[in-house]
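What follows is a short report on a single structure.
The values are calculated or read from the model by the stated rules, or taken from the named source; none is laboratory data. Owing to the predicted nature of the structure, the values given are computational and were not obtained by experimental measurement. As a convention, Cβ positions derive from the backbone with ideal geometry for all residues, glycine included, and neighbour counts pool all protein chains shown.
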Amino acid sequence: MSVLSVQGVAKAFGGVQAVDGVSFDVGAGERVALIGPNGAGKTTLFNVINGQLRPDRGSVRISGADTTGQAPHRVWRNSVGRTFQITATFVSMTVSENVQVALASHAGSARHLGRRLGQAFRSEAAELIELVGLTDQSERPAAELPYGDLKRLELAAAMTNAPALLLMDEPTAGMAASERGAMMDLVDSMVTTRGVAVLFTEHDMDVVFGHADRVIVLDRGGVIAAGTPDDIRADSRVQAVYLGTFDAEAGAA
């Protein structure tokens with residue numbers, strides 16, 4: 001059974017068909033990249049899967065459950081984690097407190113914590129912080145972290161509900177070239193050790209071709225190609241869509 005099954009999803013805004021009959025599956029322990037030019041429909045599709053938008057037609061199933069049109073918090077409770085292109089963290093809180101709040105929310109007890117987190121979920125937070133390599137930063141306010149570490153913190157928070165599916169919107173956006181590989185190596189490790197299914201969007205083709213098991217290419221709301229990185233590199237339709245954006249033979253951004 002697929003962890004994520006998207007079938008015939010469509011979404012229009014006025015006269016603009018942002019997503020048009022998209023179907024695909026993502027299996028456990030699989031890394032699938034969703035790519036396409038600006039305006040291809042990637043973010044709209046992500047927001048449909050995550051529950052921020054209700055599709056005009058089609059369905060979304062996560063771990064066999066129909067989540068079509070469910071609110072984001074309900075989708076999240078169905079073992080879905082998400083990171084965003086622009087990091088979403090509580091900058092006034094420490095690294096540990098950020099993760100503790102996410103753990104408390106998953107447990108349904110966040111509203112009872114008041115202004116002080118104290119020791120609530122602290123040991124669980126420490127495990128996730130160690131997982132993303134931020135143990136030495138755990139008591140540092142998020143506002144003081146370099147951007148690459150903020151991305152790691154957001155990933156730790158996204159893992160607090162032990163997700164079966166991890167949605168990552170531009171996971172390396174804004175990161176230095178030297179940090180991108182390390183971030184995706186971390187994701188790869190989670191896939192290997194925890195069997196997480198990962199769907200991610202990305203403009204850096206080195207990241208896509210170096211870390212995806214499969215690639216799905218959108219253009220004007222529809223799927224124009226899907227396959228292994230090698231298949232996508234050689235696809236003439238993809239080369240036409242990306243002409244002037246990346247070298248399809250070299251896979252360079």
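Report, by residue number, each residue of region 132-163 that is acidic (D, E) and in contact with a strand residue (DSSP E or B) (Cβ under 9 Å, 6 or more places away or on another chain).
Correct list: E139, E154.
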Review point. Which condition does T83 not pass, out of (1) under 16 Å from A197 (Cβ atoms); (2) surrounded by 14 or more Cβ atoms within 10 Å (Cβ to Cβ); (3) of a type outside the set (K, R); (4) without any contact (Cβ under 8 Å) to a residue 40 or more places away in the chain, if it passes all the others?
Key: (4)
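So that you can scan it fast, the table gives a plain yes or no per residue for (1) part of a helix (DSSP H, G or I); (2) within 12 Å of the chain's Cα centre (by Cα); (3) touching a residue at least 12 places away in the same chain (Cβ under 8 Å):
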{"site": "A162", "(1), (2), (3)": "no, no, yes"}
{"site": "M175", "(1), (2), (3)": "no, no, yes"}
{"site": "R180", "(1), (2), (3)": "yes, no, yes"}
{"site": "M183", "(1), (2), (3)": "yes, no, yes"}
{"site": "L186", "(1), (2), (3)": "yes, no, yes"}
{"site": "V191", "(1), (2), (3)": "yes, no, yes"}
{"site": "F200", "(1), (2), (3)": "no, yes, yes"}
Practice item. Select from region 221-253 the residues that are at pLDDT below 75 and of a type outside the set (S, T, N, Q) and list them in ascending order. Key: Y242, L243, G244, F246, D247, A248, E249, A250, G251, A252, A253
**Study point:** Matching residues in region 134-169 - criterion: being surrounded by 15 or more Cβ atoms within 10 Å (Cβ to Cβ) and small (G, A, S)
**Key:** S138, A142, G148, A156, A157, A158, A164
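With the structure loaded, tell me whether S96 is under 29 Å from G174 (Cα atoms), modelled with pLDDT under 95 and out of contact with any strand residue (DSSP E or B) (no Cβ under 6 Å at 6 or more places or on another chain) or whether it fails that test. Break it down stepwise before answering.
Working: under 29 Å from G174 (Cα atoms): yes; modelled with pLDDT under 95: yes; out of contact with any strand residue (DSSP E or B) (no Cβ under 6 Å at 6 or more places or on another chain): yes.
So S96 passes the test.
Being in a helix (DSSP H, G or I) and under 14 Å from the mean Cα position of the chain (by Cα) is the filter; apply it to region 73-82 and report the residue that is modelled with the highest pLDDT.
Here is the first cut: in region 73-82, the residues in a helix (DSSP H, G or I) are 73-76.
Still in the list and also under 14 Å from the mean Cα position of the chain (by Cα): 75-76.
On the way: V75: 91, W76: 86.
Ranking the candidates gives V75 first.
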Exercise for review: Sort out for me the strands (runs of 3 or more DSSP E) sitting completely within region 2-72 that have 2 or more residues that are over 14 Å from the mean Cα position of the chain (by Cα).
Suggested key: 4-13, 16-26, 57-62
Review point. Inside region 170-186, can you point out the residues that are crowded, with 22+ Cβ neighbours inside 10 Å and either under 22 Å from V19 (Cα atoms) or in contact with a strand residue (DSSP E or B) (Cβ under 8 Å, 6 or more places away or on another chain) (or both)?
Key: P171
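For S59, are the conditions met, namely being surrounded by fewer than 18 Cβ atoms within 10 Å (Cβ to Cβ) and under 30 Å from T135 (Cβ atoms)? Before the answer, list the steps.
On the way: surrounded by fewer than 18 Cβ atoms within 10 Å (Cβ to Cβ): yes; under 30 Å from T135 (Cβ atoms): no.
Judged against the criteria, S59 is not a match.
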Revision key, fill the gap. Expected output for region 6-23 (first residue at positive phi, partner among the β-branched types (V, I, T) and surrounded by 15 or more Cβ atoms within 10 Å (Cβ to Cβ), Cβ below 8 Å, 6+ apart or cross-chain) is G8/V22; G21/V9
Revision key, fill the gap. Subset of region 202-213, residues surrounded by fewer than 19 Cβ atoms within 10 Å (Cβ to Cβ) and within 22 Å of S23 (Cβ to Cβ), comes to D213
Revision key, fill the gap. Counting only residues in region 104-132 that are at pLDDT below 90, part of a helix (DSSP H, G or I) and hydrophobic (A, V, I, L, M, F, W, C), the one farthest from the chain's Cα centre (by Cα) is identified as A110
